[in-house]
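Report on one structure; see the data block that follows.
None of the figures in this text is laboratory data; all of them are computed from the coordinates on show. Note that the structure is predicted; figures quoted are calculated from it, not measured. Cβ coordinates were reconstructed from backbone atoms using ideal geometry, including for glycine residues, and neighbour counts include every protein chain displayed.
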Amino acid sequence: MPVASRVMQYLNRQGLAYQQLHHDRVGTLEAAIEVAKVVQDEVAVAEILVDAKGVVMSITPLGKKMDLERLNKMTHRNLQRIAQHQADRLFKDCEPGSHPPVAKAYGVHAICDETLFSREQIYIQSGSHTTLLRLTKDCFQQMMGNALKMSVCVCEQVADAAAGNDNSLQEVDIKERLNRLYRLPPMPTVAARILQITQDIDASVDDLAKVIEQDPSLTAQVLRQAASALYGYRGEIKTIKDAVARVLGFERVSQIALSIAASKAFDLPKDGPLGLRNFWKHAMHCSLLVQRLAFHVPDKRVDPGVAYLAGLLHNFGLLLLGHLFKPEFGMLNKLAASEPYTELSSLEKQVLGMGSAKELVGVGHGQLGAILLEKWQLPEEITATAAHHQEKDYEGEHQDYVALIQLANCLLKELELGDDLMPDDPIVYTRRLGIDADIAFEVFEQLKQSSATLTDLAAGM
């Protein structure tokens with residue numbers, strides 16, 4: 001159903017007119033408004049707040065949040081935010097992550113930002129990831145009814161920085177500039193569906209297979225992976241279900257399919273050290289290496305499956321760089337070929353200081369990739385490795401995943417794979433992770449035996 005049952009019943013009973021805007025299935029509201037060509041300032045979103053007195057729905061423009069400190073002072077409450085999966089329990093008739101800002105339909109009080117009442121029209125989530133609802137100014141005001149109207153909103157990114165999250169004010173500024181100046185690509189539909197399935201604890205192999213099999217080229221690539229010598233399966237693999245059940249497993253299939261499908265958002269040249277051929281060759285080697293190394297990190301501080309996905313996606317910023325700034329990327333590709341022993345971060349600063357990219361001078365592909373992956377709602381471990389894998393002394397949340405990527409990239413220089421060939425010391429990263437250096441070298445030697453197979457698989461991606 002494109003509209004949640006409670007929302008439809010409430011709007012119909014109140015006689016409130018609304019228009020349904022159907023669009024391709026996507027995984028985030030940002031992607032939905034992108035494909036539906038909706039203005040962000042006209043989108044109202046819901047966030048669930050809780051304290052000892054009960055539940056409150058905060059309704060704000062997309063990209064902003066209630067300033068909880070000010071809100072609590074003004075209302076004499078102690079409201080706190082809850083996680084999305086917890087909020088999903090309130091919206092039982094909705095798809096996970098789609099929370100319509102219709103408080104009365106769900107029997108809770110609402111606090112609404114005053115700025116929304118000046119809009120001539122308002123768009124809201126419907127409870128489905130395939131439909132938005134449009135309401136006129138009058139209908140939206142009627143729907144808000146007795147909602148407490150206040151003006152205590154702050155920019156979402158600034159709120160996160162003030163709350164002490166990992167994003168520095170500099171990173172917030174980068175996000176704002178990037179979003180203001182450029183149109184970031186939405187996650188491709190198939191990738192968004194795969195991501196949604198991986199986040200659904202009730203999803204089955206059949207659900208995953210149905211999505212992947214909608215894309216013949218993606219299906220062929222996953223089957224090719226399962227049939228490769230890398231996994232040593234000698235039987236016949238005819239379907240995605242065979243690949244999952246007999247060889248790769250649900251997690252590996254979903255990760256491979258997600259990364260391949262997501263990469264289709266970009267149009268990049270194939271040749272050169274930063275071209276698509278080398279991108280996938282590096283990604284295939286790095287993902288398998290970090291997964292194997294992860295098993296040797298003490299105290300189970302990292303998840304090998306998450307490490308594998310981080311290895312696949314940590315360089316997605318290069319794809320975004322090439323997508324947004326084709327002339328600069330072409331120059332960077334040539335410089336990387338002529339100066340392989342110069343750190344790529346140094347070359348990026350030179351190139352991004354020219355032409356249309358000068359607003360982002362000093363921003364490496366790591367930060368660019370993290371901004372995109374965060375927009376696409378990838379796990380924090382994945383965005384952290386993308387953001388910080390070029391920072392040799394990085395300390396912070398998810399630093400073990402970052403160090404794993406750095407160790408793998410350091411070792412892969414021997415195979416002339418990675419951002420650059422600037423010599424690095426793997427012992428620095430083995431000590432940071434608490435991995436015995438001899439074991440790390442042994443794992444790498446074993447990977448080298450599969451290098452030809454990995455290269456062949458990458459060539460078909």
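So the values come out like this:
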read-out	value
Simple label model, 7 Å out from Cα along Cβ direction - Ser5 to Met74, nm	3.7
Built amide H within the under 5 Å cut-off of Lys64, gap 5+	Glu156
The chain - charge dipole about Cα centre, Lys and Arg +1 at Cβ, Asp and Glu -1, debye rounded to 20	1420
Rounded, prolate or oblate (a/c below 1.5 giving rounded, otherwise prolate when a/b exceeds b/c) for the range 5-165 by Cα gyration tensor	rounded
Distribution of pairwise C-alpha distances over the range 325-430, 5 Å bins, in %	2, 13, 19, 22, 21, 16, 7, 1, 0
Note, ³J(HN,Hα) from phi for the range 76-84, Karplus 6.51, -1.76, 1.60, rounded to Hz, x at Gly and Pro	6, 10, 10, 5, 10, 6, 10, 5, 4
At most 13 other Cβ within 10 Å, DSSP loop - trypsin sites (Lys or Arg not before Pro), the range 42-103	Lys53, Arg89, Lys92
Potential extension, Lys137-Ser204 segment - 0.36 nm per residue separation minus Cα distance	19.9 nm
Label zone at Asp267 (point 7 Å along Cα-to-Cβ), backbone N below 17 Å, the range 326-348	326-330
Evaluated at q = 0.07, 0.08, 0.09 Å⁻¹: base-10 log I(q)/I(0), Debye formula over Cα of the chain	-0.40, -0.52, -0.65
Hits among lysines - C-alpha to C-alpha of Lys241 under 24 Å, sequence gap 8 or more where chains match	Lys210, Lys264
In Hz, Karplus ³J(HN,Hα) per residue of the range 412-425 (6.51, -1.76, 1.60; θ = phi - 60°; x = Gly, Pro)	6, 4, 4, 8, 6, 10, x, 4, 7, 10, 4, x, 9, 9
J(HN,Hα) series, the range 296-305, from Karplus relation 6.51 cos²θ - 1.76 cosθ + 1.60, nearest Hz, glycine and proline x	9, 6, x, 6, 6, 6, 10, 9, x, x
Residue-count net charge about Thr342 - beta-carbon cut-off 12 Å; Lys, Arg +1, Asp, Glu -1	-4
Estimated D of the range 265-459 in µm² per second, where Rh is the Kirkwood radius over Cα pairs and Stokes-Einstein applies at 37 °C, 0.692 mPa s	197
